[in-house]
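A.B. asks: A single structure is presented below for examination.
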Amino acid sequence: MQPLIQLKNLEKAFEAGGQKFFVLRRINLDIQPGEFVTIMGPSGAGKSTLLSIIGMLDGAWTGEYFFGEQPVHKLSVKQRNELHKYNIGFVFQSYHLIDTLTVYENLEVPLSYKNIPHKERSSLVCDALDRFNIVGKKDLFPNQLSGGQQQLVGVARAVIQNPRLILADEPTGNLHSAQGEEIMELFKRLNDAGTTIIQVTHSEKNASYGNRIINLRDGWVVTETPTTVAGSAQ
Amino acid sequence: MMLQTTWQDLRYGLRMLGKNPGFMAVAVLTLALGIGANTALFSVINGVLLNPLPFAQANQLVTLSESKPNFEYGSISYPNFRDWQKENHTLSSLAVYRSYAFSLTGAGESQQVKGEFVSADMFPLLGVKPLTGRTFVPGEDEIGAAPVALLAEGLWRRKFGANPDILGKAIVLDGKSYVVVGVIPASFHISVPSFPDNREVFVPLGQWNNPLLNHRGAGLGFHGMGRLRPGVTIKQAQADMDSVTSSLAATYPDSDKGIGAKLMPLRRSMLGEIQPTLLMLFAAVGFVLLIACVNVANLLLARSTGRTREFAVRVALGAPRSRVVRQLLTECILISMIGGALGLLLAVWGTRAALGILPQALPRAEQVGLDSHVLLFTAGISLLAGILFGLAPALKTSRTNLNETLKQGARGTTGSRRGAQTVFVVAEMALALVLLIGAGLMARSLAHLWRTDPGFDPHNAMTFGLSLPPSMMSAKPETIRASIREFDRKIAALPGVAGVSQTWGAVPLGWDDEQLFWLEGQAKPTSQNDMNWALNYIVEADYLRVMGIPLRQGRFFTPQDNEHSPLVIAVDDVFAQKYFPNENPVGKRINIDNFNQPAEIVGLVGHVKQWGLDSDDTESLRAQIYIPCMQMPDPFIAMAPSGGQVVVRSTGAVPDLYASIRRANAEMSGEQVLFGAQTLEQVISDSLAPRRFSAILLGTFAGLALLLASIGIYGVISYVVGQRSNEIGIRMALGAKSRDILRLVLADGGKLVLMGIGIGLAAAVGLTQLIKSFLYGVDAADPLTFAAVAVLLSLVALAACYVPARRAARVDPVIALRYE
């Protein structure tokens, strides 16, 4: 099967004081459609950087990156943006909801960048509100929601147009355990429905929801470990 | 789709601004000041320069004058006017006019009315239709025609209660009855030399009982207006008139030798030299708008730190950069439109106030107002301002580093923002400095002018017009002389009056009158145009003392220099230098045209600045002669009752002196009219009105610029202090005292100020050369002005930095270190 994501010799470095400092070294990675992959590693290992590159938010790297059949490394910035816009949803640790917009409007934001007519946008937002049980909160602002509710909105925003891939950077980092469990269960359901998920986490419990763990250290992929049982790590 | 997203951006923009009322208020007010000032000035430029003249096919209209050896634009004699009319091939019509003051009697209280002698086709030439009745018909302007008159609508309403039956009624002007044949509408406005605006009555020129009217060589103050035939250019018309005047010169060499015609577009004649002044002010006010935009840009940059995350999220959610920029620009344009609306209100108020202070400063001032052009300009400049101040912050915000910004606990990247703010503050300091220097130079020019000796003493002296009773219009010359002497005696006897003198002919800083002469020992020139010219002051014995003009040599007139004694004159320095260089002119004689005896020079007096405090020195005709009133020939005395000027000197500041004079005048005759009273200080002030107008406006703009620049630097330093509070806390924890922090922050601000002043000074050296022609008595690169303004701006800017610096010095290190 054609992997959804293929990384070949992907590297990222920056220059400082005449020296080259690598953030990621010779990353070779395949991720199949429908996988639930966890990226783990100590602080500074390059996890979030790898996630940003996969999510096409960072274009300063070398190597090859195929998204489906698309050679991302050969695409222009505009083409990458289009590819990312229609295929990838982001969930952030700090939720990153827009404080001046209501829940409804926050959900609408990604749709407004995709030339979707107003009526269709309304329909999609209402579906999302319904699907995530947050209809009653549609007119509230983020500062009127709890952390868990905000992250729920963040997840809803990420999946509103059924992306092929969800990227989650420490999605439960700012939540207490019960809220975190809710969110991870949600991810599991989405994955079961066919959405590919890549998460960055320090939590082994969260990692156990996925089927594979990729360990990074100092920018290198050191191990890839399958998780055999849902909800538990081997 | 575009409409939907724009509507969305507008809604979000309004909401964002509503959440930040403080920022919104400062930004809107700043822009309102900048846009308002520009709108105000544009409304003036629109009304004065851009609006078409209110006449049909105005581009075909030209003014005409006779060019003479001493005058490029001299008055046209009546016989020459008639010949120009007949002989030219390029003008479809030609009219002449002359301003004149009439005594209106028999309709309530006697009063002086501002009138105009016109030829019959004056109003048809301009395409002016009467409100009621008709204008003059051909033949009505001939000498001996039946006396008719036209009223201006203002006079008709004020004096005659807008009586619909006015047509056919008689009015009495200077004791003569005229039948009213029409009313000219209030919408008629024109303002050219010899035809000022606000005329109240129009009379055919043939009604003027001047004995010299038919004299071909007599320039009696008539100037002409013509309409070019379709397809004819002014150049072609000029060539045609050159041919006509050449032919007349050949036919009438005595009077017309050397006389030509000078044509000028009516527009240029009406506007005078105001255009360069207005354009200079427009450039200056553009600086104010730039500074306002820079201020708001700085505010936005500071505010954008808090919105970096929002826009990073939007980009992460798929927003292209152009979309982010569009959203930010929409918010900016929203601010600028609201600022523009407020600015429009300020402009309307400000323009009215400015024109109220100096109504005489602008030609066509009645055209200044709010119209579609001004509204369009305001909308356009608001849009431009929004883009101008919004673009840089929008581009900076949209270029955010997504990774850094979206990381947990990431701070905004302020480095590049701070760089942009620095550039902006330095730029507005420089712009403010240039404006302040310009204003400073103009103010010093005005101050120089105020201090310039006009050649007479304007303190405790006044002038007014005097029109003798209508019965004097037909009185004998000796009766008229007696009446004038009686008037002088009565006024001189009033408490507080130190001296009084009639003054006919030229009036310093007012109007000119010329006399032709030739020197004794020379043969009388065959043509008047071969004679010499001098400015002509016809005055009484007390004139020198009343005006405070110094006597250099000999004596001035006495009451004994009258109609029974030999003709005497006085001359000024310039006359003496020109015609009697290195000689004492006292005792010399000259021959004055139209006098049947030579005149002896009895005194040498100081020169007065006839043409203006700033322009007299460069005029070609400056020589001045003085002739005693009572020695004027009888035909001239016969015209004196229709109006002359009187000057009075008081013993000190005497309140209500004019009221006393009016009472004394009323006792002499209920039909003797005084009008147009002014102190001599007001005369000087009025002569400087256009300069004062420019200086006031430029000073206002410079003051605005200083205020905005100070707010700008205050804002930036405050922002920097906020950003550096952590660093300040560390410094204090390491031993820095309050004064060290104060010095640190002031040094930061000081660097910006010095950079701005340095760039501003360099720019000012070049830019002030552009206003060289507006300056008087001060060099465009005057070091004193440059230095004083630089020091003033430094002090104000450092004071603006002091407030946030003090705040920084009071930071609690514990709190600062706990921050973030």
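A.B. asks: Restricting to segment B:1-41, give me the number of residues that are within 46 Å of the chain's Cα centre (by Cα), polar (S, T, N, Q) and within 27 Å of A:I116 (Cβ to Cβ).
C.D. replies: So the answer is 1.
A.B. asks: Another question, then. Can you go through A:N206, A:N174 and tell me which one is part of a loop (DSSP other than H, G, I, E, B) and of a type in the set (S, T, N, Q)?
C.D. replies: A:N174
A.B. asks: Of the residues B:T308, B:T277, B:T251, which is free of Cβ contacts under 8 Å to residues at least 24 places away in the same chain and farther than 21 Å from B:V425 by Cα?
C.D. replies: From the options B:T308, B:T277, B:T251, the qualifying one is B:T251.
A.B. asks: Answer with yes or no whether A:G68 is touching a residue at least 60 places away in the same chain (Cβ under 8 Å) and at the interface with chain B (Cβ under 10 Å from one of its Cβ atoms).
C.D. replies: Taking the combined requirement at face value, the residue does not satisfy it.
A.B. asks: Among the residues of segment A:78-98, how many are out of contact with any Pro (no Cβ under 6 Å at 6 or more places or on another chain), more than 9 Å from chain B (Cβ to nearest Cβ), touching a residue at least 12 places away in the same chain (Cβ under 8 Å) and at negative phi?
C.D. replies: So the count comes out to 2.
A.B. asks: Further, regarding this structure: Give the residue that is nearest to B:T330 (Cα to Cα), with candidates limited to residues of segment B:1-19 that are basic (K, R) and facing chain A (nearest Cβ under 7 Å).
C.D. replies: B:R15
A.B. asks: For B:D141, only one of the following conditions fails: (1) more than 31 Å from the chain's Cα centre (by Cα); (2) part of a helix (DSSP H, G or I). What is its number?
C.D. replies: (2)
A.B. asks: Now, a different point. Would you point out the residue of segment A:104-132, among those that are within 13 Å of another protein chain (Cβ to nearest Cβ) and of a type in the set (G, A, S), that is nearest to B:V324 (Cα to Cα)?
C.D. replies: Result: A:S112.
A.B. asks: Another question about this same structure. The conditions are (1) in a loop (DSSP other than H, G, I, E, B); (2) crowded, with 20+ Cβ neighbours inside 10 Å, and B:W156 fails exactly one of them. Which is it?
C.D. replies: (1)
A.B. asks: Could you tell me whether A:Y95 is touching a Gly at 6+ places or on another chain (Cβ under 7 Å) and within 30 Å of B:G306 (Cα to Cα)?
C.D. replies: yes
A.B. asks: Show me the helices (runs of 4 or more DSSP H) entirely contained within segment B:699-816 in which 3 or more residues are at pLDDT 90 or above.
C.D. replies: B:738-767, B:783-809
A.B. asks: A further question follows. In segment A:176-202, how many are among the aliphatic types (A, V, I, L, M), surrounded by fewer than 20 Cβ atoms within 10 Å (Cβ to Cβ) and within 14 Å of chain B (Cβ to nearest Cβ)?
C.D. replies: Number satisfying all stated conditions: 0.
A.B. asks: Restricting attention to segment A:31-49, and to residues there that are away from chain B (no Cβ under 14 Å) and surrounded by fewer than 16 Cβ atoms within 10 Å (Cβ to Cβ), which single residue is modelled with the lowest pLDDT?
C.D. replies: A:P42
A.B. asks: When you scan segment B:584-596, do you find a residue that is acidic (D, E) and either within 38 Å of the chain's Cα centre (by Cα) or under 29 Å from B:L212 (Cα atoms) (or both), even just one?
C.D. replies: There is at least one residue in segment B:584-596 that is acidic (D, E) and either within 38 Å of the chain's Cα centre (by Cα) or under 29 Å from B:L212 (Cα atoms) (or both).
For (1) surrounded by 19 or more Cβ atoms within 10 Å (Cβ to Cβ); (2) on the phi > 0 side of the Ramachandran plot; (3) within 14 Å of another protein chain (Cβ to nearest Cβ), each residue gets a yes or a no:
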| site | (1), (2), (3) |
| --- | --- |
| B:G258 | no, yes, no |
| B:P265 | no, no, no |
| B:L279 | no, no, no |
| B:A283 | no, no, no |
| B:A292 | yes, no, no |
| B:V313 | yes, no, yes |
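A.B. asks: Which of the residues spanning segment B:494-520 are charged (D, E, K, R) and either assigned to a loop (DSSP other than H, G, I, E, B) or touching a Pro at 6+ places or on another chain (Cβ under 7 Å) (or both)?
C.D. replies: Passing the criteria: B:D512, B:D513, B:E520.
A.B. asks: With respect to A:Q151, is the statement that it is surrounded by fewer than 20 Cβ atoms within 10 Å (Cβ to Cβ), within 14 Å of chain B (Cβ to nearest Cβ) and either among the small types (G, A, S) or under 15 Å from the mean Cα position of the chain (by Cα) (or both) true?
C.D. replies: Considered against the rule, which asks whether it is surrounded by fewer than 20 Cβ atoms within 10 Å (Cβ to Cβ), within 14 Å of chain B (Cβ to nearest Cβ) and either among the small types (G, A, S) or under 15 Å from the mean Cα position of the chain (by Cα) (or both), A:Q151 comes out as no.
A.B. asks: Considering only segment A:50-71, how many residues are hydroxyl-bearing (S, T, Y) and buried (at least 21 other Cβ atoms within 10 Å of the Cβ)?
C.D. replies: Within segment A:50-71, residues that are hydroxyl-bearing (S, T, Y) and buried (at least 21 other Cβ atoms within 10 Å of the Cβ) number 2.
A.B. asks: Take A:L101 and tell me if it is of a type outside the set (F, W, Y), in contact with a strand residue (DSSP E or B) (Cβ under 8 Å, 6 or more places away or on another chain) and touching a residue at least 12 places away in the same chain (Cβ under 8 Å).
C.D. replies: Judged against the criteria, A:L101 is not a match.
A.B. asks: Next up: In segment B:154-163, is there at least one residue being in contact (Cβ under 8 Å) with a residue 12 or more places away in the chain and more than 32 Å from the chain's Cα centre (by Cα)?
C.D. replies: The answer is yes; a qualifying residue exists.
A.B. asks: Would you list the helices (runs of 4 or more DSSP H) that sit entirely within segment B:352-457 and hold 1 or more residues that are under 30 Å from B:H607 (Cβ atoms) and at pLDDT 85 or above?
C.D. replies: In segment B:352-457, B:415-451 are the helices (runs of 4 or more DSSP H) which contain 1 or more residues that are under 30 Å from B:H607 (Cβ atoms) and at pLDDT 85 or above.
A.B. asks: Say we look at segment A:155-167 and pick out the residues that are of a type outside the set (A, V, I, L, M, F, W, C) and more than 10 Å from chain B (Cβ to nearest Cβ); which of these is farthest from A:I31 (Cα to Cα)?
C.D. replies: Per the criteria, the residue is A:N162.
The values are calculated or read from the model by the stated rules, or taken from the named source; none is laboratory data. Everything numeric here is computed off the predicted structure, so don't read it as measured data. Don't worry about glycine lacking a Cβ; one is built from the backbone with ideal geometry, like all the others, and counts go over all protein chains shown.
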